[in-house]
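J.: I have a structure here, written as structure tokens, and I will follow up with some questions on it.
The values are calculated or read from the model by the stated rules, or taken from the named source; none is laboratory data. Everything quoted here is computed from the prediction, not taken from an experiment. Backbone-built Cβ (ideal geometry, glycine too); neighbour counts: all protein chains shown. Note: accessible area is taken over every heavy atom of the protein model, side chains too, but ligands, DNA and RNA are not part of it. Shrake-Rupley method; radii C 1.70, N 1.55, O 1.52, S 1.80 Å.
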Amino acid sequence: MKKLMQKGAAALLTAALLAGPAVSAAAASPAGQEESLKIAVLSDTHYLSPSLIKNTADFQEHRNSDRKMFAEGAAFLTALLDTIRQDDPDVLLISGDLTKDGEQENHEELAKKLEQFEQESGAQVYIVPGNHDLNNSNGMNFNTADGNAVPAERTTQQDFREIYADLVYNDDTVIATFTPAAGKQGGGLSYVARPKDGFTLIAIDSARYSADNTDSGTDEHETSGAISPELESWIIEQIAAAKQRGDTVIGMQHHGVVPHFEMEPELMPMFLVNDYTRLAQVYADAGMAYIFTGHMHANDIAAITTESGNTLYDIETGSVVTYPSPARAVTLTRTIEGGTVHETMDVKTYTGVGPITFTNPVTGEAQTIEDISAYGKANGFTAASLTGMLNNLLHGYYGQIAETGSKTALEGLIGSLLGGGLPLTVEQIIDMALPLLISAIAPTEGDLSVTYANSAILIDWLDETNGLQLQIPKAGIMDSLNYLFDAVDDLLAEPAALDAVIQGAVEELATVEMARDGNTAKTILDYANFIYQSHLGGEDSLEQPQWVQDARALLASGELTDQLIDILIHHVTNLLNVLLEQMDFTEFTGITGVTADGGTVGLTFDESRTALIIPANAHSDEVLGSAVTAVICNMGTEIPAGYTMKDLLDNAGALLESLGIGNIDLNIEALLKQLINGAPDDEGLLTAELRGQLTGFIERVADTMGTDSNYPEDNNTTITRTWALTANPGSVAPPDTGDTAAILPGVLILLSGGVMALTLLRRKK
């Protein structure tokens with residue numbers, strides 16, 4: 001028997017004898033009697049067993065691609081459990097992402113730790129899964145003999161239910177569970193518990209990990225959350241049943257139902273449950289006033305009030321393994337007067353837990369951390385961690401593209417941008433685009449004529465001595481594009497060169513100075529850490545330091561936007577150069593070299609494909625052949641081995657000059673800057689209006705995450721609420737689920753009656 005049941009045993013027996021099985025706890029409680037539930041809250045424990053950690057290159061790479069403190073996580077969890085135990089809670093709620101990536105070993109070890117906590121504290125533990133916890137192929141064991149990480153055992157829905165059976169699913173306070181329709185699993189780990197008289201907890205499985213509930217249609221985890229229509233109906237029924245009992249309804253799910261910063265729906269929609277706006281209204285109007293969530297790793301409270309006047313408080317709790325590593329202590333107290341329930345929820349947040357001493361599984365040595373919140377704050381974003389996170393994210397996209405190839409991926413993207421419907425092939429796109437592109441160019445501009453006829457672009461440059469007539473056939477464009485797609489696929493398959501470009505961009509961006517704090521320069525990285533950590537810690541309603549205000553003023557000026565654009569152009573240039581270095585000149589153009597026939601020089605071509613550029617007459621062939629001989633072949637006849645499109649670009653000025661066109665600067669970065677920023681007398685693609693919109697967007701991101709506009713008291717607060725009991729609340733018995741708590745009053749009456757009968761019989765004897 002759990003501690004909370006021991007505490008209430010005498011009261012339960014009295015209620016049973018007075019009320020019988022059909023009368024609710026609320027109806028049985030004397031008017032004015034106080035009822036309370038002490039709730040401890042943790043979230044996003046992301047437990048990684050020290051036994052799966054080893055100081056290897058694989059682990060360090062993974063650690064650098066994530067902001068979570070995995071090596072310290074087990075010790076942090078122990079310290080937080082020790083801290084909340086001192087509050088003598090009735091229940092502990094953990095709102096999802098229990099493990100790092102759904103490793104069975106981690107679930108099993110965590111379940112044992114929580115069972116031990118129950119035994120030592122007497123509190124009942126309730127959990128829900130998060131997006132990381134089931135059918136997750138990312139789970140790894142880093143502690144191997146050769147130092148190479150190997151996949152860990154994945155956890156299925158059935159595994160999860162079995163691992164946490166003794167902790168939750170077989171507990172005698174659980175009075176209902178959700179059963180999906182045949183062949184489905186979505187939401188199947190949802191349940192209802194009644195930990196004490198007057199309080200009902202609805203634990204909602206909002207995670208997506210089964211084919212019937214994922215966008216991919218596979219049994220693989222996804223970040224976003226969803227509530228099926230069947231689960232929603234079940235939730236409403238359970239709220240109604242709780243209200244009939246006169247209970248206060250408490251919800252718990254991993255994904256938020258109320259945005260915790262204004263731009264969360266735009267920037268991070270996957271951290272809110274799908275259709276969150278409507279669901280929040282449904283929950284509130286059905287009678288749920290409080291819901292405990294996680295996922296975003298922030299300590300934040302947000303609320304919505306429906307048109308009917310019902311308010312729902314979404315109480316999000318930060319992660320154990322990211323700053324500020326908090327725990328919540330919540331006391332929910334209620335009294336009933338004349339059919340009206342008066343409730344007070346006192347919320348307290350524990351941060352700064354410590355000192356703690358543990359054996360760090362990476363170093364194998366004892367480590368002491370004086371204050372886990374201060375430790376986490378000092379270990380915020382770095383250029384290395386941001387690089388790792390961004391490359392890790394991009395590798396996911398690379399993998400998705402690789403499944404179909406870059407060509408098919410591009411076709412799908414263009415099709416979706418054009419409103420869906422039948423997908424367009426690259427060839428169809430070229431068929432439509434080329435005539436439009438050529439018609440946008442003046443047919444005759446000076447001595448240059450560009451037209452499109454017979455599936456080819458015709459270029460006629462009418463110079464008196466060096467006139468050129470060239471064809472760019474559509475077939476040649478297609479052959480070159482197909483080669484380009486192959487080169488992109490190769491680059492994505494081995495993305496080390498791309499990773500280096502991303503690293504360079506992040507490192508340069510991170511060091512841009514935004515303000516000064518005394519003599520100390522404050523960079524974009526410092527500003528990003530301050531804004532982000534303010535939100536995570538629920539400190540986004542405090543006055544900001546002067547240097548942060550100065551940085552915000554720099555944002556508003558637009559100067560930072562200009563600087564960032566130039567930095568990005570530079571690194572986009574690097575990205576293009578990486579791609580060009582992967583592209584062989586002959587493979588891309590179809591030109592294999594030159595030939596001299598009777599003193600006349602001309603181009604030679606790869607006969608297996610259509611060349612990208614074909615001279616339209618003998619004079620043009622000779623002019624191009626001479627230029628290629630002089631600039632590319634170094635007065636020979638063959639294209640040098642390994643000659644790339646990047647080499648051609650580097651030699652382009654000399655090549656054009658040899659054609660009599662003049663020494664034109666084809667520096668990609670300069671061209672991109674002119675294209676995007678414009679020239680002194682000509683606006684570029686990024687107009688002043690667009691530049692202002694970009695600046696405004698960056699300002700909004702900083703403001704919405706750095707300043708709390710919805711219930712600013714995120715850490716320590718008191719919420720009060722008054723609501724009316726349902727008329728004759730005890731008239732409807734709760735659903736018959738075979739639950740011990742629901743039938744216990746009747747059983748006690750029968751047992752009491754039996755004891756009394758036996759006593760009378762013995763006396764007669």
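J.: Counting only residues 5 or more places away or on other chains, whose amide H sits under 5 Å from the amide H of GLY538 once H atoms are built in the peptide plane?
T.: ASN299
J.: Tabulate in residue order the Karplus-calculated ³J(HN,Hα) for region 347-352, using 6.51 cos²θ - 1.76 cosθ + 1.60 with θ = phi - 60°, rounded to whole Hz; enter x for Gly and Pro.
T.: 10, 10, 10, 9, 9, x
J.: What translational diffusion coefficient, in µm²/s and rounded to a whole number, does the Stokes-Einstein relation yield for region 466-512 at 10 °C and a viscosity of 1.306 mPa s, taking the hydrodynamic radius as the Kirkwood radius over Cα pairs?
T.: Here the translational diffusion coefficient equals 115 µm²/s.
J.: Could you give the spread of the C-alpha atoms of region 501-574 along their three principal axes, from largest to smallest, in whole angstroms?
T.: Principal-axis extents of the Cα atoms in region 501-574, largest first: 41, 24, 23 Å.
J.: Give me the distance in nm between label points sitting 7 Å out from Cα along the Cα-to-Cβ direction at ALA145 and LEU424, one decimal.
T.: 5.7
J.: So how much slack lies between ASN379 and ARG85, counting 0.36 nm per residue of separation and subtracting their Cα-Cα distance, in nm?
T.: 103.1 nm
J.: Given the C-alpha atoms of region 517-628, compute the convex hull and give its volume per residue in Å³.
T.: Taking the convex hull of the Cα positions in region 517-628, it is 210 Å³ per residue.
J.: Rolling a 1.4 Å sphere over the protein heavy atoms, what is the accessible area per residue of the chain, to the nearest Å²?
T.: 45
J.: Turning to a different aspect of this structure: Within region 178-201, name every residue whose backbone N is under 20 Å away from a label modeled 7 Å from Cα of GLU230 along the Cβ vector.
T.: Residues 178-192 qualify, since their backbone N sits under 20 Å from the label point.
J.: Can I ask one more? Which ³J(HN,Hα) values in Hz, rounded to whole numbers, follow from the phi angles of region 554-566 under the Karplus curve 6.51 cos²θ - 1.76 cosθ + 1.60, where θ = phi - 60° and Gly and Pro get x?
T.: Ordered by residue, 3J(HN,Hα) equals 4, 4, 5, 5, x, 4, 5, 4, 4, 5, 5, 4, 5 Hz.
J.: Return the inverse of the average 1/r over all pairs of distinct C-alpha atoms in region 130-178, which is the Kirkwood hydrodynamic radius, in Å to one decimal.
T.: Kirkwood hydrodynamic radius for region 130-178: 13.0 Å.
J.: For every helix of n ≥ 4 consecutive DSSP H residues, a contribution of -39,500 (n - 2.57) applies; sum these over the chain, divide by its total residues, and give [θ] at 222 nm rounded to the nearest 500 deg cm²/dmol.
T.: -13500 deg cm²/dmol
J.: For region 225-337, how big is the tail of P(r) above 22 Å, as a whole percent of Cα pairs?
T.: Tail of P(r) above 22 Å: 34 percent of Cα pairs.
J.: Another question, then. Anything over 18 Å Cα to Cα? Flag those among LYS184/LYS243; LYS54/LYS377; LYS38/LYS377; LYS38/LYS348; LYS112/LYS184; LYS377/LYS522, in the order listed.
T.: From the list (LYS184/LYS243; LYS54/LYS377; LYS38/LYS377; LYS38/LYS348; LYS112/LYS184; LYS377/LYS522), the Cα-Cα distance tops 18 Å for LYS184/LYS243; LYS54/LYS377; LYS38/LYS377; LYS112/LYS184.
J.: Any number yet on Rg/Rh for region 623-689, C-alpha, Kirkwood?
T.: Reported Rg/Rh, Kirkwood definition of Rh: 1.16.
J.: Quick check on region 571-718: what are the equivalent-ellipsoid semi-axes from the Cα gyration tensor, as sqrt(5λ), descending, whole Å?
T.: Three semi-axes, in Å: 52, 19, 12.
J.: To continue, here is another question. What full-extension length gain, to one decimal in nm, is calculated for GLU657 and ALA500 as 0.36 nm per residue of separation minus the Cα-Cα distance?
T.: Roughly 53.1 nm would be gained on extension.
J.: Classify region 102-145 from the C-alpha gyration tensor, please: rounded if a/c falls under 1.5, else prolate or oblate depending on whether a/b exceeds b/c.
T.: oblate
J.: Using a Cα-Cα cut-off of under 15 Å, which aspartates and glutamates could be cross-linked to LYS407, ignoring same-chain neighbours fewer than 8 residues away?
T.: Candidates past the 8-residue exclusion: GLU427, ASP479, ASP486, ASP489, ASP490.
J.: Give the value in nm², to one decimal: projected area of the alpha carbon convex hull of region 335-392, averaged over all directions.
T.: Here the figure is 8.3 nm², rounded to one decimal.
J.: If each Cα of region 280-416 is one equal point scatterer, what is log10 of I(q)/I(0) from the Debye formula at q = 0.09, 0.12, 0.14, 0.15 Å⁻¹?
T.: With no solvent term, the Cα-only Debye profile gives -0.56, -0.82, -0.92, -0.95.
J.: What's the ranking of 305-314, 626-635, 394-403 by average number of surrounding C-beta atoms within 10 Å, highest first?
T.: Ranking the peptides 305-314, 626-635, 394-403 by packing returns 626-635, 305-314, 394-403.
J.: Is the shape of region 182-265 rounded, prolate or oblate, going by the alpha carbon gyration tensor and its root eigenvalues a ≥ b ≥ c, with a/c under 1.5 for rounded and a/b larger than b/c for prolate?
T.: The shape class here is oblate.
J.: Pop the C-beta distance of THR340 and GLN546 into the FRET formula with R0 = 60 Å and round what comes out to the nearest 0.05.
T.: Plugging the Cβ-Cβ distance into 1/(1 + (r/R0)^6) gives 0.75.
J.: Starting at the first residue of region 358-371, write each ³J(HN,Hα) from the Karplus equation 6.51 cos²θ - 1.76 cosθ + 1.60 with θ = phi - 60°, in whole Hz, x for Gly and Pro.
T.: Listing the rounded values in order: 8, 8, 6, x, 7, 8, x, 10, 5, 10, 10, 10, 6, 8 Hz.
J.: Here's another thing I want to ask about it. With a cut-off of 8 Å between alpha carbons and a minimum separation of six or more residues, what is the relative contact order of the chain in percent?
T.: The value is 15 percent.
J.: Return the long-range amide H neighbours of ARG609 (sequence gap of 5 or more, or a different chain), with a cut-off of under 5 Å between placed amide H atoms.
T.: none
J.: With a 1.4 Å probe and every protein chain kept in, tell me what percent of the accessible surface of the chain is carbon plus sulfur.
T.: The nonpolar share, carbon plus sulfur, comes to 54 percent.
J.: At a Förster distance of 45 Å, what's the computed FRET efficiency of ASP517 paired with ALA670, Cβ-Cβ distance as r, to 0.05?
T.: After rounding to 0.05, the efficiency reads 0.80.
J.: Rounded to a whole number of µm²/s, how large is the Stokes-Einstein D of region 571-653 at 4 °C and 1.567 mPa s, given Rh as the Kirkwood radius over C-alpha pairs?
T.: Rounded, D is 97 µm²/s.
J.: Just order 500-506, 412-418 by mean Cβ neighbour count inside 10 Å, highest at the front, would you?
T.: In decreasing order of mean packing, 500-506, 412-418 become 500-506, 412-418.
J.: For region 111-220, rounded, prolate or oblate, judged on the Cα gyration tensor with a ≥ b ≥ c (square roots of eigenvalues), a/c < 1.5 rounded, else prolate if a/b > b/c?
T.: Verdict is oblate for region 111-220.
J.: Where both partners of a DSSP beta bridge lie in the chain, what percent of those bridges are antiparallel, to the nearest 5?
T.: Bridges in the chain are about 75 percent antiparallel.
J.: Moving on to the next point. Using only Cα atoms, find the angle between the long axis of helix 406-417 and the longest principal axis of the chain, and express it within 0 to 90 degrees, rounded to the nearest 10.
T.: Once rounded, the angle reads 70 degrees.
J.: Could I ask something else about it? Over its Cα atoms, what ratio of radius of gyration to 2.2 N^0.38 Å does the chain give?
T.: 1.23
J.: Right, here's the next one. So if I take the alpha carbon set of region 23-164, get Rg, then get Rh from the Kirkwood formula, what is the Rg over Rh ratio?
T.: 1.09
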